[in-house]
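Undergrad: This is the structure I want to talk about, given as structure tokens.
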Amino acid sequence: YQSIYLDRLAEIYNEATQPTNALKVKLQLVERYNQEKKIRELANLKISIANDYQLLNKPEPASQNYREAFELAWSLKDFAVASESLEKLGNLYQKYQQIDSALQIYQQLIKVQQKAYNYYGLMNNFDRIGQIYLDRQNYPQALSAFQKGLEIAKNLNYQEDYFLKQISQVD
């Protein structure tokens, strides 16, 4: 019952936007989940912990927890959680202007989203990569990313005009 109690307490602190208190409880939960061998729950908890660290403007422990969440989810073949952790990690790197690291993470995310058959996420990820290359004035790479995004957009019959606009902007 202690896990259930701690989980609920963490939710309450999250709802009250008290990341410091939520974090304390979640770190206790990590210990409980490790003792109880609740590995599947641990991956989601690690993402939640990373989110709290990000709210507290602590990018290093946030990054570490997103990575741990990814590794756990990947080992469980939980590609949805693996994708979420990588996407948030990439966004964290972008926020702190670590663009090369963000690009590496987004490249890794492509593989995970392909395994998960997450075409919508894949399309958005190619857009994100294209935008980074566009900002860096690396037009061939931007064009390539937007073209891959367009290919998926056509298959989904969604946002084709957006990608065509991005491609014409690069050209």
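The values are calculated or read from the model by the stated rules, or taken from the named source; none is laboratory data. Fair warning: this is a prediction, and the values are worked out from it, not measured in the lab. Methodologically, a virtual Cβ is constructed for each residue, glycine included, from the backbone with ideal geometry; neighbour enumeration extends over all protein chains shown. The protein model used for the area step is the full one, side chains on, heavy atoms only, and it has no ligands, DNA or RNA in it. Shrake-Rupley method; radii C 1.70, N 1.55, O 1.52, S 1.80 Å.
Undergrad: In nm, to one decimal, how far is the modelled label at E151 from the one at E31, with both set 7 Å along Cα→Cβ?
TA: 5.0
Undergrad: Something else about it: Tell me, Kirkwood radius of segment 15-113 from alpha-carbon pair distances, in Å?
TA: Taking the inverse mean of 1/r over all distinct Cα pairs, segment 15-113 comes out at 13.6 Å.
Undergrad: Next question. Relative contact order for segment 1-43: what percent, with Cα pairs under 8 Å and sequence separation of 6 or more?
TA: The value is 35 percent.
Undergrad: Below 8 Å between Cα atoms, with a sequence gap of 6+, how large is the relative contact order for the chain in percent?
TA: 11
Undergrad: With unit charges on the beta carbons (Lys and Arg positive, Asp and Glu negative) and the dipole taken about the Cα centre of segment 86-171, which residue among S101, Q141, S168 sits farthest to the positive side?
TA: It is S101.
Undergrad: Give the accessible area for D78 in Å² (nearest 10); use a 1.4 Å probe, count only protein heavy atoms, and leave out ligands, DNA and RNA.
TA: 40
Undergrad: Roughly how many debye, to the nearest 20, is the charge dipole of segment 45-171 about its Cα centre, given +1 on each Lys and Arg Cβ, -1 on each Asp and Glu Cβ, and no other charges?
TA: 140
Undergrad: For the pairs K111/K154; K26/K115; K24/K46, flag any whose C-alpha to C-alpha distance is greater than 22 Å.
TA: Those over the limit are K26/K115.
Undergrad: Using alpha carbons only, how many degrees (0 to 90, rounded to 10) separate the axis of helix 139-156 from the longest principal axis of the chain?
TA: 80
Undergrad: While we're here: Output the Cα-based Rg and Dmax of the chain in Å, rounding Rg to one decimal and Dmax to a whole number.
TA: Here Rg and the maximum Cα pair distance are 18.3, 60 Å.
Undergrad: Mind checking the angle between helix 2-15 and the chain's longest principal axis? C-alpha axes, 0 to 90 degrees, to the nearest 10.
TA: With both axes taken from Cα atoms, the answer is about 50 degrees.
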